[in-house]
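The structure under discussion appears below in the form of structure tokens.
The values are calculated or read from the model by the stated rules, or taken from the named source; none is laboratory data. Owing to the predicted nature of the structure, the values given are computational and were not obtained by experimental measurement. Quick reminder, even Gly has a Cβ in these numbers, built from the backbone with ideal geometry, and neighbours come from all protein chains shown.
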């Protein structure tokens with residue numbers, strides 16, 4: 001099964017093309033801005049490198065969030081367009097799930113907790129089988145994780161180091177700080193194909209406000 005996956009939701013832009021477990025092509029570039037300009041050329045690069053046609057793809061995958069308002073929309077809009085053009089299923093994977101999967105593979109831990117800085121002294125997190133993707137104040141996260149502290153549990157994401165320090169390094173710290181499309185593809189490979197297109201996962205309202213209507 002050939003799958004194309006992309007991520008633009010947080011502080012990186014990445015794309016990966018897999019044929020079952022075999023990596024045909026992969027790009028990962030950290031960036032805070034410029035995802036919209038970089039994504040299409042990046043996808044073209046990996047498709048050319050893999051020497052495959054778009055028509056040969058079996059499914060598509062994309063991160064749904066949580067992430068930046070603009071970043072989430074870039075990846076989803078691009079892959080929704082491909083879904084319509086190619087008539088292929090599009091699988092949505094959370095940024096947190098992708099980071100957790102990579103952290104477990106890197107460290108060998110059986111359990112991973114992704115923690116990403118959401119600004120405003122808040123953290124995006126997900127605890128497998130215990131808590132869905134959520135946004136919580138930093139102090140609440142510390143209180144929540146204090147009872148889960150274990151050096152066999154690995155942390156990932158941009159808030160992982162801060163949380164690890166606050167809990168006296170009682171967790172195993174991975175090097176994973178951003179989601180990577182490679183792991184989006186691996187998770188989506190075995191996921192159930194949805195009937196429709198995935199929707200963005202927003203955990204809070206965007207910072208930007210529309211101007212008030214004049215009366």
| request: Within region 77-104, track down each residue that is surrounded by fewer than 21 Cβ atoms within 10 Å (Cβ to Cβ), touching a residue at least 60 places away in the same chain (Cβ under 8 Å) and more than 24 Å from residue 204 (Cβ to Cβ). | output: 82, 83, 89
| said: Quick check on residue 112: is it under 19 Å from residue 162 (Cβ atoms) and modelled with pLDDT of 95 or more? | reply: yes
| query | On the given criteria, is residue 27 at pLDDT 95 or above, under 17 Å from the mean Cα position of the chain (by Cα) and surrounded by fewer than 20 Cβ atoms within 10 Å (Cβ to Cβ)? | reply | no
| task | Scan region 54-69 for residues that are within 15 Å of the chain's Cα centre (by Cα) and assigned to a helix (DSSP H, G or I) and jot them down. | result | 69
| request: Select from region 52-69 the residues that are crowded, with 20+ Cβ neighbours inside 10 Å, in contact with a strand residue (DSSP E or B) (Cβ under 9 Å, 6 or more places away or on another chain) and more than 15 Å from residue 180 (Cα to Cα) and list them in ascending order. | output: 59
